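Throughout, read-outs are computed from the coordinates displayed, never taken from laboratory work. Not measured: the values here are computed from a predicted model. Heads up, the Cβs are rebuilt from the backbone with ideal geometry, glycines too, and the neighbour counts pull from every protein chain shown.
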Amino acid sequence: MAVEITSPEEVSPIRRLASFASRAPSAVPPPEVAPAPAPAIRVAVIGYGYWGPNLVRNFWDLPGCQVWGVSDTRESQLAQAHARYPAITTSLDYHALIGDPAVDAVIIMTPVSTHFQLALEALQAGKHVLVAKPLAASSEQAIRLIEEAARRHLVLMVDHTFIYTDAVRRIKELVDNGSLGQLYYYDSVRVNLGLFQHDVNVLWDLAVHDLSIMDFILGEAPCAVAATGAAHIPGQPVNMAYLTCFFRSNLFAHHHVNWLAPVKVRRTLVCGERQMIVYDDLEPSEKVKVYDRGVTVNGGPERVAKSMIDYRSGDMWAPKISLTEGLRVEAQHFVECVRGGRTPLSDGQAGLRVIRLLEAATRSLAQRGQPVETAIEPAEGQLAV
Ligand SMILES: NC(=O)c1ccc[n+]([C@@H]2O[C@H](COP(=O)([O-])OP(=O)(O)OC[C@H]3O[C@@H](n4cnc5c(N)ncnc54)[C@H](O)[C@@H]3O)[C@@H](O)[C@H]2O)c1
C-alpha cells in the first residue's frame, strides 16, 4: 500500500494546530486568541471653513477613528467636504449630527461666538467634545462647559494646537529639566497680514496661541496682565496688541500680536539664567535653537558694576524635532482620551486659564494698559503632563 507522505510545509496552519492540540497534554494553555479591535470612534465636525478641513483631514487619517459627518451652514463648504470625502454625511443643520446616535464625539470648528452653544448642546446629547480655541467667549461659559462635561463623564478638550507640536514639547522638556536655569522672561511675536476675525479681537485670535504655549511650558500663571492695542480699520476689532504678563516670581512675559503686519513672524524667546531658547515656527527644520549664552555677575550683588559682569557666549545647538503635524498628535490624544476616559492635556481647565488671561487683558485694553489682576490661583497654573 502506498503511503502518502505530507511534508510539514504542506500542512495548513489550522490542521497543524489541530493535530498539536490532540497531542498536547491538558496542562498546556490553549493558544491565545487576538482580542477583537476596539470599535472606531466616530466623530462629527461642525464648521468646515478655514480650520475645520485640517481637523477632518487629521481625524480621517487616524486609525481607530471614523469621520462620520460634517456640518456647515454654507452649501459651498459642504460641497467641498463632499468632493474630498464622498463617504461622509454632510448637513446644513448641526442638530442632525449632534443628535445622531452613531456619533461618539463632536469637533467644533466654528467662530468663537458659537463655541459655547454648540459645545453645550453636544455635551447634553452625550457626546465628547473638542472645541477650537478659545474654548468659549467668557470664563462663565467655560466653567459651565467644564461642569457639564464632568457631570456626564465626558471628555472636554480645547484645540490648543501648538502644545501638541514636538517643538513646544522639547522646549517644555528643557525648561522642566532645568537646562535653562531660573527663568527670566518669555517673549513672543506673532504678526502677519492675517485674516481679520469679526467676533473677536486679535488677542482672542492670536494671543490665545501664545498664552496656551506659555501656560503649558511655564506651569505658572500670571498674577496680572497689562494690554495696549489699536483698531485701525473702522468697524473692525483691535487688530494689534501688546500684552505684558506679570508673575509672582521675577518672571516676566510679553506677547506682541498683529493682523496688520507686512511680514509673517512667529518667534518666541525663552530666556533663563543658564541658557536661552529661540523658537521660530517658520523655520522648516531647526525650529528650536538653544543658546549657551548669558551673563555672570562676579563679586556678589552688592558689588555689581558694569565691569563686574562677564558675558558668556557659548555654543548653539538645535534639538532634533519631529515634524509630525501637531494636529495629528492632538487628534490621536483626543481619541485616546475618549477611549480611555482620560483627561486631556488641553482640558477645560487649560481653556479656562487662557480665557481668564484674555478677559483680564480685555479689561486692561479698555483702561489703556492699566494692570489687571487675573484671579488665577497659582495652583491652577500647575499642569500635570
Ligand atoms: N488652532 C489654530 O491654529 C486655528 C487656526 C484658525 C482658526 N482656529 C479657530 O477655529 C475656529 C474657526 O475659525 P476659521 O478661521 O475656520 O473660521 P471660518 O469662518 O473660516 O470657518 C467657520 C465655519 O463655521 C461655519 N459655521 C458657523 N456657524 C455654524 C453653525 N452653527 N453650524 C455649522 N457651521 C457653522 C461657517 O459657515 C464657516 O464655514 C475659530 O474658533 C478659530 O479661533 C484655530
message: With the crude spin-label approximation of a point 7 Å out along Cα→Cβ, what separation in nm comes out for Lys264 versus Glu286?
response: 2.1
query: Roughly how big is the chain's charge dipole about its Cα centre, with Cβ charges of +1 (Lys, Arg) and -1 (Asp, Glu), in debye to the nearest 20?
result: 380
³J(HN,Hα) computed for each position of segment 191-205 - Karplus, 6.51 cos²θ - 1.76 cosθ + 1.60, integer Hz, glycine/proline x: 10, 5, 7, x, 5, 6, 8, 9, 9, 9, 8, 5, 5, 6, 9
- request: Would you mind checking which residues have amide H under 5 Å from Phe252's amide H? H placed 1.01 Å from N; only 5 or more apart, or other chain.
  value: Tyr185, Tyr186
- prompt: Long-range amide H contacts for Val67: which residues qualify at under 5 Å (H placed 1.01 Å from N, peptide plane, sequence gap of 5 or more or a different chain)?
  reply: Val43
- request: Would you list which lysines come within 16 Å of Lys289, measuring only between C-alpha atoms, while excluding same-chain residues fewer than 8 positions from it?
  value: Lys172, Lys320
message: Quick check on packing: order 141-148, 64-71, 103-110 by the mean number of other C-beta atoms within 10 Å, highest mean leading.
response: 103-110, 64-71, 141-148
task: Could you calculate the contour length gain from Ala102 to Glu147, that is, 0.36 nm times the residue separation minus the distance between their Cα atoms, to one decimal place in nm?
output: 13.8 nm
Selected from Ile163, Pro35, Ala87, residue furthest toward positive end of dipole (the chain; charges at beta carbon): Ile163
task: Just rank Arg293, Arg151, fewest to most, by other beta-carbon atoms within 10 angstrom.
output: Arg151, Arg293
query: Cβ under 14 Å from Ala44's Cβ, Ala44 left aside: what net charge do those residues give with Lys, Arg +1 and Asp, Glu -1?
result: -3
- request: State, as an integer percentage, the relative contact order of segment 41-160 based on alpha-carbon contacts under 8 Å between residues 6 or more apart.
  value: 23
- prompt: In the chain, how does Rg compare with the Kirkwood Rh, expressed as the Rg/Rh ratio over alpha carbon atoms?
  reply: 1.12
query: Using the count of nearby Cβ atoms within 10 Å as a rough guide to exposure, how do Leu62, Leu97 rank from fewest to most?
result: Leu62, Leu97
statement: Taking Cα pairs closer than 8 Å and at least 6 residues apart, the relative contact order of the chain in percent is 17
message: Give me the Å³ per residue figure for the convex hull around the C-alpha atoms of segment 41-160.
response: 92
Helix axis angle, 112-124 relative to the chain longest principal axis, alpha carbon, degrees: 40
query: Per residue of the chain, what 222 nm ellipticity follows from adding -39500 (n - 2.57) for every DSSP H run with n ≥ 4, rounded to the nearest 500?
result: -9500 deg cm²/dmol
message: So if each residue of separation counts as 0.36 nm, and I subtract the Cα-Cα distance between Ala230 and Glu173, what length gain in nm does that give?
response: 16.9 nm
message: Given points 7 Å out from each Cα along the Cα-Cβ axis, report the Val33 to Val297 separation in nanometres with one decimal.
response: 7.2
message: At q = 0.12, 0.15 Å⁻¹, what log₁₀ I(q)/I(0) does segment 137-291 have when each alpha carbon counts as one equal point scatterer in the Debye sum?
response: -0.59, -0.89
query: Once you list every other residue whose beta carbon is under 13 Å from the beta carbon of Ser188, what net charge do they have if Lys and Arg are +1 and Asp and Glu are -1?
result: -2
